[in-house]
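The values are calculated or read from the model by the stated rules, or taken from the named source; none is laboratory data. As the structure is a computational prediction, the values presented were derived from the model and not from experiment. Here Cβ is always computed from backbone atoms with ideal geometry, including for glycine, and neighbour counts include all displayed protein chains.
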Amino acid sequence: MSKTFYITTPIFYPNANLHMGHAYSTTLADIIARYRRLLNDDVYLLTGADENTEKVVRAASAANIEPQGYLDGIVQNFKTLFQKLHISYDQFIRTSDEKVHWPGAQAMWQRLVDAGDIEKRSYQGLYCVGHEAFITEKELMNGICPEHGEAPQQISEENYFFRLSKYTHLVRGKIQRGELEIIPETRRNEILALLERGLEDVSFSRPSHKVSVGIPVPGDASQKIYVWCDALVNYISALGFGRVDDTLFKQFWPADVHIIGKDILRFHAAIWPAMLLSAKLPLPKRLLVHGFITSGGKKMSKTLGNVIDPSVLISEYGGEAVRFFLARHVSPFEDSDFTPTSFKDAYNADLANGIGNLASRILKMAEDHLEEPITIEENLIPEAYTHAFDTLNIQRAAEIISETVARLDRRIQETQPFKLVKTDSEKGKAVITELVVDLYTVGRMLNPFMPETSKKIKELIKGNRMPSEPLFPRKA
Ligand code: ME8
């Protein structure tokens with residue numbers, strides 16, 4: 001039986017279309033998923049939309065559309081974008097789906113109740129709609145939430161609380177022992193420091209009359225399950241947890257990797273593991289916490305209005321070029337700045353003058369001088385490439401492809417096989433054959449990043465043909 005591999009992305013708020021940041025998380029997940037499929041793992045890739053939120057209600061009313069229609073429209077846009085980006089997801093979960101998601105959220109709630117970890121308390125606090133969370137005075141600047149640019153609401157109400165504090169030490173132990181691995185190290189240290197200070201209990205429900213959407217608390221319709229207890233559960237409800245048919249859950253849980261941005265680290269590395277421990281369920285194995293794509297030095301975000309729409313780049317350069325750029329030039333561990341000029345320069349260097357040009361040169365020599373297609377043996381993938389994937393350093397894996405391309409370019413320069421065949425045919429053909437074999441390795445290594453290009457290169461090699469037009473036309 002092949003090994004299972006379950007990988008997830010955050011579920012995104014459908015209050016606006018996705019930008020490069022969201023495209024990044026999803027592309028990373030897809031690249032890893034495709035790599036694992038090459039290893040013959042039984043892969044399950046989950047993505048989706050986080051729909052039970054006031055943000056959507058507000059966005060819909062601002063657009064003058066009824067909420068469901070608004071949601072359906074935006075979710076369709078998500079899916080269209082994912083298709084253009086070649087995202088090979090197995091399921092797209094929508095948390096408003098009462099059949100798929102709600103039984104799981106309610107079953108999780110019941111488990112927390114059974115563990116004695118849910119408690120009704122009266123609560124006073126500052127609520128930031130942008131955060132979907134209560135925030136503290138300390139986080140404000142002049143009374144305004146600096147991330148969302150608006151004042152929080154003063155709220156006083158009865159909520160159910162989750163006894164998160166009880167799990168501080170258990171979660172800390174899991175992370176320290178590496179049973180829940182947090183990548184990169186800086187994020188692991190950040191969360192360990194937070195756990196060191198101790199966790200406070202958190203509000204897990206809101207009064208039903210104050211929120212227009214959400215999943216009813218089992219046994220108390222006057223309350224609705226609050227955002228995070230609802231959203232985080234998507235990772236298991238999607239697999240059938242809480243439903244009659246939970247085959248997928250049995251097969252794929254615990255997750256091998258949750259991909260998240262650093263903004264939701266605390267939820268995934270503290271609250272989620274605590275919920276799972278309380279529910280007596282296994283913890284995910286790894287969290288890959290990536291940084292932000294910044295634009296002009298600031299986090300790319302709807303609120304700041306500095307977003308870059310991936311579909312504009314896709315229509316000019318193609319989905320595969322956008323995937324390769326994200327992998328090659330955005331760090332999976334730290335923040336990275338993005339500008340349209342840097343994109344074009346990278347496209348020309350990596351793809352037009354890089355992979356595309358190399359493939360054309362080698363394939364032309366092969367077509368001109370080799371009598372028949374060479375038989376490709378299962379040639380070796382560099383160990384460094386495998387290692388990069390094992391450590392989730394996707395940028396390094398992409399870099400190895402670029403390094404291989406540069407090395408092959410140099411070899412052509414040094415050996416001049418197109419001249420050599422004229423003076424020493426056997427030797428010249430041997431060099432060309434070697435180059436074709438190495439190009440095939442490049443093609444294989446490209447598979448997770450650019451599945452179509454990878455296929456094209458391998459097919460051209462098998463047919464001993466050069467491409468009829470450049471794989472990546474140069475952009476002026
Ligand atoms: O937080 N750079 O949804 P969201 C890189 N629904 N990644 C970015 C980014 C940027 N500038 N901006 C956003 C939510 N992201 C919740 C998640 S999960 C159970 C619930 C990515 O629509 C990054 O992955 O605000 C971040 O964590 C996620 O989008 C937030 O998306």
Hits in the range 143-174 (condition: modelled with pLDDT under 90 and not in a strand (DSSP E or B)) = Pro146, Glu147, His148, Gly149
Can you tell me which residue within the range 219-260, out of those that are of a type in the set (Ser, Thr, Tyr) and within 15 Å of the ligand (Cβ to nearest atom), is nearest to Leu287 (Cα to Cα)?
-> Tyr235
Could you grab me the full set of residues in the range 182-214 that are out of contact with any helix residue (DSSP H, G or I) (no Cβ under 8 Å at 6 or more places or on another chain) and over 24 Å from Leu112 (Cα atoms)?
-> Ile183, Pro184, Glu185, Thr186, Asn189, Ala193
The range 8-27 residues that are more than 23 Å from Val213 (Cβ to Cβ), paired with ones that are more than 8 Å from the ligand (Cβ to nearest atom) and part of a strand (DSSP E or B) (beta carbon under 6 Å, 6 or more apart) = Thr26/Thr47
Say whether the condition of being buried (at least 17 other Cβ atoms within 10 Å of the Cβ), hydroxyl-bearing (Ser, Thr, Tyr) and under 23 Å from Pro273 (Cβ atoms) is met by at least one residue in the range 143-165.
-> yes
Return the only residue of Gly297, Gly305 being at positive phi, in contact with a strand residue (DSSP E or B) (Cβ under 9 Å, 6 or more places away or on another chain) and of a type outside the set (Lys, Arg).
-> Gly297
From the list Leu313, Leu287, pick out the single residue that is crowded, with 19+ Cβ neighbours inside 10 Å and away from the ligand (no atom under 13 Å from the Cβ).
-> Leu313
From Ser336, Ser295, Ser331, grab the single residue that is over 27 Å from Met445 (Cβ atoms), within 15 Å of the ligand (Cβ to nearest atom) and not β-branched (Val, Ile, Thr).
-> Ser295
Taking Lys302 and the conditions (1) within 13 Å of the ligand (Cβ to nearest atom); (2) basic (Lys, Arg); (3) in contact with a Leu (Cβ under 8 Å, 6 or more places away or on another chain), which numbered condition does it fall short on, given that it satisfies the others?
-> (3)
For Thr186: the one exception among (1) among the hydroxyl-bearing types (Ser, Thr, Tyr); (2) in contact with a Pro (Cβ under 8 Å, 6 or more places away or on another chain); (3) assigned to a helix (DSSP H, G or I) = (2)
Using the structure shown, decide if Ser96 is in a loop (DSSP other than H, G, I, E, B) and over 21 Å from Lys210 (Cα atoms).
-> no
Selection from the range 369-385 of residues part of a helix (DSSP H, G or I) and farther than 12 Å from Pro448 by Cβ yields His369, Glu383, Ala384
Result of the Cβ filter at 6 Å on the range 447-467, keeping first residues that are surrounded by fewer than 18 Cβ atoms within 10 Å (Cβ to Cβ) and partners that are basic (Lys, Arg) and assigned to a helix (DSSP H, G or I), at least 6 apart or interchain, is Met466/Lys364
Ser61 modelled with pLDDT under 95 and either within 25 Å of Lys455 (Cα to Cα) or touching a strand residue (DSSP E or B) at 6+ places or on another chain (Cβ under 6 Å) (or both) | no
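Just to be sure I understand, how many residues within the range 6-52 are more than 11 Å from the ligand (Cβ to nearest atom), of a type outside the set (Val, Ile, Thr) and not in a loop (DSSP other than H, G, I, E, B)? Outline the logic, then answer.
Our first condition is that a residue be more than 11 Å from the ligand (Cβ to nearest atom); within the range 6-52, this holds for 6-7, 30-45.
Okay, now just the ones that are also of a type outside the set (Val, Ile, Thr), so 6, 30, 33-42, 44-45.
Subset that is not in a loop (DSSP other than H, G, I, E, B): 6, 30, 33-38, 42, 44-45.
So the answer is 11.
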When restricted to Lys3, Lys55, the only residue over 22 Å from His86 (Cβ atoms) and within 15 Å of the ligand (Cβ to nearest atom) is Lys55
What residue, of Phe389, Phe472, Phe418, is part of a loop (DSSP other than H, G, I, E, B), in contact (Cβ under 8 Å) with a residue 24 or more places away in the chain, crowded, with 16+ Cβ neighbours inside 10 Å and among the aromatic types (Phe, Trp, Tyr)?
-> Phe472
Kindly list, by first and then second residue, each pair from a residue in the range 93-118 that is over 13 Å from Phe204 (Cβ atoms) to a residue that is surrounded by fewer than 19 Cβ atoms within 10 Å (Cβ to Cβ), limited to pairs with Cβ atoms under 6 Å and residues at least 6 apart or on different chains.
-> Pro103/Arg243
Do we have any residue at all in the range 425-444 that's exposed (fewer than 13 other Cβ atoms within 10 Å of the Cβ) and either more than 16 Å from Ile362 (Cα to Cα) or touching a His at 6+ places or on another chain (Cβ under 9 Å) (or both)?
-> yes
